[in-house]
Amino acid sequence: MTAPLDVLPAPTTLAGLSLRSRFAMAPMTRKYSPGGVPTAEVAAYYRRRAEGGIGLIITEGALVGHPSASHETDVPRMTPGAAEAGWRLVTGEVHRADGRIAAQLWHLGSERGAGAWTPSTMRGTDFPEILDAYGESARTAVRAGFDAVEIHAAHGYLLDEFLWPRTNRRTDRYGGDARARATFPAEVIRTVKAELPPGMPLIVRFSQFKERDYAARIAETPAELEAILETFAEAGADVLHASQRRFWEPVFAGHHENLAGWAKRITGLPAITVGSVGLTRGFLTSPELDDLLKRRANDEYDLVALGRILLANPDWVRLAAAGRTDQIRDYRKADEDVLW
Ligand SMILES: Cc1cc2nc3c(=O)[nH]c(=O)nc-3n(C[C@H](O)[C@H](O)[C@H](O)COP(=O)(O)O)c2cc1C
């Protein structure tokens, strides 16, 4: 059988970082880090995906070191000490498999539940306090050996709550039009960027949809999206990770581009696309794969992130590139509950 994929498994560079393929692993929360400390099993889990042909792994959301970030105890933290040592194990294993790995920094905002900090509750000194937590996490990620850092500004968590008019009702400089709503996320970007050594890429993940509202939008028009993404680029974003549930869906009526396509077109920055890759039945001979390859040929994205299909198949890239469809397992919801 001939390999249906060709350009995607080839080596590439992303904002100066050399990668063995155009496939990224999408960040997926796991609760296997007791006390916020990643274990040797977590390191082996990521190593298997690197061995399976992923160019850039993006970790599960790792909490910044502020009490408001989350109350979860088994979600990993990106903080000095034991968690940093755990992450050093993880980056070491991935590097031994010749992979590259980015740390995703996460603050849950209102999704924390009780004691949440949100755009409506934050006051004066709360802002520098959160920025300090992001700065400390960025320094920790650098010391732990990460190749890049990703800021989670998607899906309805703290930074995305600033971007969305429904959750950002502020009347000070942090609220208002799209550019003003991007002010605090941009301050986080600037803070994190200042902690990274020259040449280390800073990725910013954003989305229109929220986990609790798939129809939500941070930008109703291309002009609003431009205001937000240009603010991110000015603040120091090197790569935009445009989160969608299905990569083939256009964002604005009358234009075929998906969210990554818009991000690239607006900013000229490299972009990562994502959303249901490999999940449709018979993906390797499907119209969705043709669509993905066509968007690549049109330079509408640089990397493709894989999420759930990698939970079922750590080596999906190798199998898919070799056309070995018979060895690819279907993803099942239960795959989310196993660490292997
Ligand atoms: C179990 C699970 C956990 C996830 N956790 C995160 C997360 O921590 N951070 C994040 O930005 N997205 C998270 N996502 C979203 C994924 O990164 C990805 O965008 C989504 O699964 C769509 O890609 P897929 O269709 O290839 O799975 C999660 C998704 C799943 C299924």
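A few remarks follow.
- Checked against (1) at negative phi; (2) without any contact (Cβ under 8 Å) to a residue 24 or more places away in the chain; (3) not hydrophobic (A, V, I, L, M, F, W, C), PRO27 passes all but a single condition, namely (2).
- Condition check for LEU292 on (1) modelled with pLDDT under 95; (2) of a type outside the set (Gly, Ala, Ser); (3) open to solvent by less than 10 Å² (accessible area, probe 1.4 Å): one failure, at (1).
- Hits in region 249-291 - residues which are aliphatic (A, V, I, L, M) and either under 29 Å from GLU234 (Cα atoms) or not in a helix (DSSP H, G or I) (or both): VAL251, ALA253, LEU259, ALA260, ALA263, ILE266, LEU269, ALA271, ILE272, VAL274, VAL277, LEU279
- Hits in region 74-90 (condition: touching a residue at least 60 places away in the same chain (Cβ under 8 Å) and assigned to a loop (DSSP other than H, G, I, E, B)): MET78, THR79, PRO80
- Wholly enclosed strands (runs of 3 or more DSSP E) of region 3-64 bearing at least 2 residues within 14 Å of the chain's Cα centre (by Cα) and surrounded by 16 or more Cβ atoms within 10 Å (Cβ to Cβ): 23-25, 56-63
- Of the residues screened, ASP315 is one that is out of contact with any strand residue (DSSP E or B) (no Cβ under 9 Å at 6 or more places or on another chain), at pLDDT 95 or above and within 16 Å of the ligand (Cβ to nearest atom).
- Positions within region 170-226 being in contact (Cβ under 8 Å) with a residue 12 or more places away in the chain, among the basic types (Lys, Arg), more than 24 Å from ALA103 (Cβ to Cβ) and touching a helix residue (DSSP H, G or I) at 6+ places or on another chain (Cβ under 7 Å), in sequence order: ARG179, ARG181
- Test: residue in region 178-185 that is within 15 Å of the ligand (Cβ to nearest atom) and under 26 Å from GLU220 (Cβ atoms): yes
- Positions within region 329-340 being at pLDDT 90 or above and within 14 Å of the ligand (Cβ to nearest atom), in sequence order: ASP330, TYR331, ARG332, LYS333, ALA334, ASP335, GLU336
- Verdict on SER110 being assigned to a helix (DSSP H, G or I) and within 20 Å of LEU163 (Cα to Cα): yes
- Where a residue in region 99-111 is open to solvent by 10 Å² or more (accessible area, probe 1.4 Å) and its partner, wherever it lies, is more than 10 Å from the ligand (Cβ to nearest atom) and among the acidic types (Asp, Glu), with Cβ under 7 Å and at least six apart: ARG100/ASP147; SER110/GLU161
- Among the residues examined, GLY52 does not qualify as away from the ligand (no atom under 16 Å from the Cβ) and of a type outside the set (D, E, K, R).
- Residue check for HIS71: over 15 Å from HIS152 (Cα atoms), part of a loop (DSSP other than H, G, I, E, B) and open to solvent by 10 Å² or more (accessible area, probe 1.4 Å): yes
- Complete set of residues in region 249-273 that are without any contact (Cβ under 8 Å) to a residue 40 or more places away in the chain and over 20 Å from THR231 (Cβ atoms): GLU249, PRO250, ALA253, GLY254, HIS255, HIS256, THR273
- Residue satisfying condition, being at negative phi, surrounded by fewer than 19 Cβ atoms within 10 Å (Cβ to Cβ) and among the aromatic types (Phe, Trp, Tyr), within set PHE146, PHE127: PHE127
- Qualifying residue in region 298-310 (condition: among the basic types (Lys, Arg), surrounded by 13 or more Cβ atoms within 10 Å (Cβ to Cβ) and part of a helix (DSSP H, G or I)): yes
The values are calculated or read from the model by the stated rules, or taken from the named source; none is laboratory data. Small disclaimer: the values here were computed from a predicted structure and weren't measured. Methodologically, a virtual Cβ is constructed for each residue, glycine included, from the backbone with ideal geometry; neighbour enumeration extends over all protein chains shown. The accessibility values were calculated without ligands, DNA or RNA, using every heavy atom of the protein model including side chains. Shrake-Rupley method; radii C 1.70, N 1.55, O 1.52, S 1.80 Å.
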